[in-house]
Amino acid sequence: QVQLVESGGGLVQAGESLSLSCAASGRTSSDYALGWFRVVPGKEREYVAAISWRNDVTDYAASVKGRFSIARDNAKNTAYLQMSSLKPEDTAVYFCAAALTVGTLRTGQGDYWGRGTQVTVSS
């Protein structure tokens, strides 16, 4: 069992930056790839980014590539999502998820999910 807790959400203005954290716990949490998704009310869940457990593979959705950066610190069992040049359309609830591979997360699947953190970008 892996538990995931997101933090760092908030309200920012367009063009500003914000960093999210995902703290993972559980015996085998460091064996999982970690990823970020976001949900806007009335829309489908959107994949954002993912990183392998070895820290050697990262992947991004086209909508955030070049603006967002994912990283992880296995010593702290924490993944990070650094978001820059934020746009109002980035407003969503951001969720952290864990799966065995980055490929699985890219398909929208996750074995474990956090409860989410709200990010609001004002224009």
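The values are calculated or read from the model by the stated rules, or taken from the named source; none is laboratory data. Since this is a predicted model, take the numbers as computed values, not measurements. For neighbour counting, all protein chains shown are included, and Cβ atoms are generated from backbone atoms with ideal geometry for every residue, glycine included. Only protein heavy atoms, including side chains, enter the accessible area calculation; ligands, DNA and RNA are left aside. Shrake-Rupley method; radii C 1.70, N 1.55, O 1.52, S 1.80 Å.
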Discussion item. I'd like to check something: does the stretch 69-87 contain any residue that is touching a strand residue (DSSP E or B) at 6+ places or on another chain (Cβ under 6 Å) and of a type in the set (Asp, Glu)?
Written reply: no
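For the stretch 30-123, which fully contained strands (runs of 3 or more DSSP E) count at least 2 residues that are of a type in the set (A, V, I, L, M, F, W, C), open to solvent by less than 70 Å² (accessible area, probe 1.4 Å) and within 17 Å of residue 19 (Cα to Cα)? Give the steps one after another, and end with the answer.
Values: elements: 33-39, 46-51, 58-60, 68-73, 78-83, 92-99, 117-122.
Because the criterion is at least 2 residues that are of a type in the set (A, V, I, L, M, F, W, C), open to solvent by less than 70 Å² (accessible area, probe 1.4 Å) and within 17 Å of residue 19 (Cα to Cα), the strands (runs of 3 or more DSSP E) in the stretch 30-123 that meet it are 33-39, 46-51, 68-73, 78-83, 92-99, 117-122.
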Discussion item. Six or more apart or on different chains, Cβ atoms under 8 Å: show the pairs whose first residue is in the stretch 68-82 and under 15 Å from residue 95 (Cα atoms) and in contact (Cβ under 8 Å) with a residue 40 or more places away in the chain and whose second is β-branched (Val, Ile, Thr) and surrounded by 21 or more Cβ atoms within 10 Å (Cβ to Cβ).
Written reply: 79/51; 79/70; 80/70; 81/48; 81/70; 82/70
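Just wondering, is there one or more residues in the stretch 49-62 that are without any contact (Cβ under 8 Å) to a residue 12 or more places away in the chain, under 15 Å from the mean Cα position of the chain (by Cα) and within 16 Å of residue 102 (Cα to Cα)? Before the answer, list the steps.
Taking the stretch 49-62 as the starting set, the residues that turn out to be without any contact (Cβ under 8 Å) to a residue 12 or more places away in the chain are 54, 56, 62.
Restricting the remaining residues to those that are under 15 Å from the mean Cα position of the chain (by Cα) gives 62.
Remaining after also requiring within 16 Å of residue 102 (Cα to Cα): 62.
The answer is yes, given that some residue of the stretch 49-62 is without any contact (Cβ under 8 Å) to a residue 12 or more places away in the chain, under 15 Å from the mean Cα position of the chain (by Cα) and within 16 Å of residue 102 (Cα to Cα).
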Worksheet item: Just checking, how many residues over the stretch 1-20 are open to solvent by 30 Å² or more (accessible area, probe 1.4 Å), part of a strand (DSSP E or B) and not aliphatic (A, V, I, L, M)?
Response: 4
Worksheet entry | Counted residues, the stretch 96-117 - those being under 18 Å from residue 44 (Cβ atoms) and either over 13 Å from the mean Cα position of the chain (by Cα) or polar (S, T, N, Q) (or both) | 3
Worksheet item: Right, residue 10: modelled with pLDDT of 95 or more, within 15 Å of residue 119 (Cβ to Cβ) and in contact with a Lys or Arg (Cβ under 9 Å, 6 or more places away or on another chain) or not?
Response: no
